[in-house]
Each structure stands twice: as structure tokens, then as C-alpha cells.
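Quick notes on the structure that follows.
The values are calculated or read from the model by the stated rules, or taken from the named source; none is laboratory data. This structure is a prediction, so every number in the text was calculated from the model and none was measured. In this analysis, Cβ positions are derived from the backbone assuming ideal geometry, glycine residues included, and neighbour counts consider all displayed protein chains. We work out accessible area using only protein heavy atoms, side chains counted, and drop any ligands, DNA or RNA first. Shrake-Rupley method; radii C 1.70, N 1.55, O 1.52, S 1.80 Å.
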Amino acid sequence: MLVLGDAHATDADRRRSLFAAYRDANESVALQCGDLEYYDLPFTTYFVAGNNEDFDVIDALRHGRVRSSRVENARLLASDAVDVEGVRVAGLSGNYAPTRYDNPRSALAGNRRRHFVRADIERAKALDDVDVLLTHQAPHGTPVSEEYDVGCTHVDDLLRTLSPDLCLVGHHHEHTESAFGDTRVVTVAPVWESYYTLDPETLALTRHATPEA
């Protein structure tokens, strides 16, 4: 299956890169790690919301209300899971803000809807038999190059509870590989640089250069 990092596809050049990755991979289903920002897609794509999205669309997808010519084949994973080609894939949408974490989701407005809250984490912890976890927020120990300390305790707790074989992380626009306990953690490169293919039998992840759009 196809694996995609951040797309930021409101930008026309980056949207062309997104579609170049879809074409070049020649798969039939995709996983995407947030900051998608464009939801009219060539084939079924399971994704988590990042901190940059159309949050009206995200809210509608959370509640199954989207009927729009601008939304096709986009399937939001928000503390739930789905079986994809025999792989149990779960997703945590959003990023962490300590001042919003204990609020109900209904109290989040505007761009604050980008955050996950305690109820989202608790709902995700109740999932079982997860093979692959998609997040936009990284756990501790992720070796990305940032000017701040990377890692969220709540994502750490989720990995300890679910113990997936693989965690795919967006947001940082950088490819890294590390481990959290028994979980392999990969932060994925942005779509305009690379896309990946995931073998559903072995969970082997192969990186490919995204061709010129």
C-alpha cells in the first residue's frame, strides 16, 4: 500500500507532487500522516488530521457528514481503526496543546480544533490488535532535527498501551527511523520529496523519490 507524509496540498505545486506520488506508486489504497489539506483523492486514503487542515472538512469527516465534490476517497482515522489489506491500522488525529488537553472536543473552536484531547487518547487506548499506528505527533526519542524537544507523553502512553509493530509519524518533514519499546517508529518525509510503499505481509517500508509532477 502507499504511504504518504505531509502534503500541504493547498499549494498547487505540492498538490501536483501529491498526485505524482499516487500515479507513480500504482497502488490501490493509501495511508497518510496528516497535513493533507486536499481531500479529492484518486483512491481510498486513510489519514489522520494534522495541525494544518480544513477543519470544517475534518469535523464533518469525524461525524460522517461529508457530501461534497471536494471530498472523495478521504477516510479520517480519529482514535479508531480499520482493516486495510489484512493490516489493522489505527490513527490519532491532531497535535498536543497542554492548555486544551483536558477540554471536551466541543469546546475547541477555529484552529484549536487541530488538537487532540484526553478523550481522544482514551478512546484510542481502547483499540486492540493494532499493527500500524498513524500519528501527526511524535513520541519521545524520535531523532528529528528541531529547535525544540520533540516528543509527547500521551503518544508515549498510547504506544505502550497498543504496542503496534509500526508507528508512522508526520509533521516533521524529515525521514527518521527509531524505536519506542517494541514499536518501530518512522517519521516520514513530505510528499514533495518522497513516498513509501508498505508490504502488508511483512510491514517492510520502502522509500521512493517522488517524480517531477
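I'd like to verify a number: residues in region 8-33 that are open to solvent by less than 40 Å² (accessible area, probe 1.4 Å) and either touching a strand residue (DSSP E or B) at 6+ places or on another chain (Cβ under 7 Å) or at pLDDT below 95 (or both), how many?
Taking region 8-33 first, the residues open to solvent by less than 40 Å² (accessible area, probe 1.4 Å) are 8-9, 17-18, 20-22, 25, 29-33.
Subset that is either touching a strand residue (DSSP E or B) at 6+ places or on another chain (Cβ under 7 Å) or at pLDDT below 95 (or both): 21-22, 25, 29-33.
Number of matching residues: 8.
Looking across region 54-67 at every residue that is open to solvent by 50 Å² or more (accessible area, probe 1.4 Å) and of a type outside the set (D, E, K, R), the one that is modelled with the highest pLDDT is identified as H63. Taking only region 175-195 into account, find how many residues are among the aromatic types (F, W, Y), part of a strand (DSSP E or B) and surrounded by 23 or more Cβ atoms within 10 Å (Cβ to Cβ). Result for region 175-195: 1. For region 105-117, filtering for residues that are assigned to a helix (DSSP H, G or I), within 30 Å of D165 (Cα to Cα) and free of Cβ contacts under 8 Å to residues at least 24 places away in the same chain leaves 1.
For every residue, the table says whether it meets (1) part of a loop (DSSP other than H, G, I, E, B); (2) in contact (Cβ under 8 Å) with a residue 60 or more places away in the chain; (3) closer than 23 Å to V150 by Cβ; (4) under 17 Å from the mean Cα position of the chain (by Cα).
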residue: D56; (1), (2), (3), (4): no, no, no, no
residue: D59; (1), (2), (3), (4): no, no, no, yes
residue: N73; (1), (2), (3), (4): no, no, no, yes
residue: A81; (1), (2), (3), (4): no, no, no, yes
residue: R88; (1), (2), (3), (4): no, no, no, yes
residue: D102; (1), (2), (3), (4): yes, no, yes, no
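Within region 62-71, the set of residues being more than 15 Å from R113 (Cβ to Cβ), in contact (Cβ under 8 Å) with a residue 12 or more places away in the chain and among the charged types (D, E, K, R) comprises just one member, R70. Among the candidates N26, N52, the residue that is in contact (Cβ under 8 Å) with a residue 60 or more places away in the chain, more than 11 Å from the chain's Cα centre (by Cα) and over 21 Å from D80 (Cβ atoms) is uniquely N52. Scanning region 118-141 for residues that are assigned to a loop (DSSP other than H, G, I, E, B), under 16 Å from the mean Cα position of the chain (by Cα) and not hydrophobic (A, V, I, L, M, F, W, C) returns D131, H136, Q137, P139.
Please verify whether region 141-156 includes one or more residues that are open to solvent by 30 Å² or more (accessible area, probe 1.4 Å), at pLDDT below 95, under 23 Å from A7 (Cα atoms) and among the acidic types (D, E). For region 141-156, residues open to solvent by 30 Å² or more (accessible area, probe 1.4 Å), at pLDDT below 95, under 23 Å from A7 (Cα atoms) and among the acidic types (D, E): present.
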